[in-house]
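Below: the structure, in structure tokens.
The values are calculated or read from the model by the stated rules, or taken from the named source; none is laboratory data. Remember, predicted model here, so these are calculated numbers, not experimental data. Cβ: placed from backbone, ideal geometry, glycine included. Neighbour counts: every protein chain shown. The area values use the complete protein model at the heavy-atom level, side chains included, leaving out ligands, DNA and RNA. Shrake-Rupley method; radii C 1.70, N 1.55, O 1.52, S 1.80 Å.
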Amino acid sequence: MAVRRAADSTWQVDIENRGARTIEAVFAMEADADRFLLMRFGVLWRLERGFDDCFPLSPAEGVDVKASGSGYAVRAGTGSAEILSKRQAIRFSHVAGESLAAVSARLMT
């Protein structure tokens, strides 16, 4: 997984698997891409260690998650994102606008 700056000035989080790259999410702000990447690694870390998913199954209050094209649009007070997976979009709704330290703390509890 990596964060990359796109030609249109958006920030993309992509996954490379066996040489094929898939864009998992597109963000207007680099900070949101960083939050998403930390969230993704943290969820994987938790699941590998047998911990439960620490994110609710519904979007955070005040954050809009809607189907959009080939993914899901997430609109929060701090920014916007287009995320391929509905579950990842819902998870991101809970960390949108949080500091990286707060995201990390959430994942460690």
Original post:
Just the accessible area per residue of the chain, please: how many Å² with a 1.4 Å probe?
Top reply: 56 Å²
**OP:** Just check the stretch 1-53 against the gyration tensor rule for me: Cα atoms, a ≥ b ≥ c as the square roots of the eigenvalues, rounded for a/c under 1.5, and otherwise prolate or oblate depending on whether a/b exceeds b/c.
**Re:** oblate
Subject >> Whole-number percent relative contact order across the chain, with pairs defined as alpha carbons under 8 Å at least 6 apart >> reply: 24 percent
Original post:
Taking all protein chains as present, what is the carbon and sulfur share of the accessible area of the stretch 3-109, in % to the nearest whole number, probe 1.4 Å?
Top reply: 53 percent
Subject >> Cβ-defined net charge surrounding Ala60, 11 Å radius [Lys, Arg +1; Asp, Glu -1] >> reply: -2
Original post:
Taking amide H positions as placed 1.01 Å from N in the peptide plane, with prolines and chain starts having none, which residues 5 or more places from Glu24, or on another chain, fall under 5 Å of its amide H?
Top reply: Val13, Asp14, Ile15
Subject >> Spin-label model distance (nm) - Ser58 vs Ala2, 7 Å beyond Cα toward Cβ >> reply: 4.0 nm
Original post:
How much FRET efficiency would the formula 1/(1 + (r/R0)^6) give for Thr22 and Met108, where r is the Cβ-Cβ distance and R0 is 22 Å, rounded to 0.05?
Top reply: 0.20
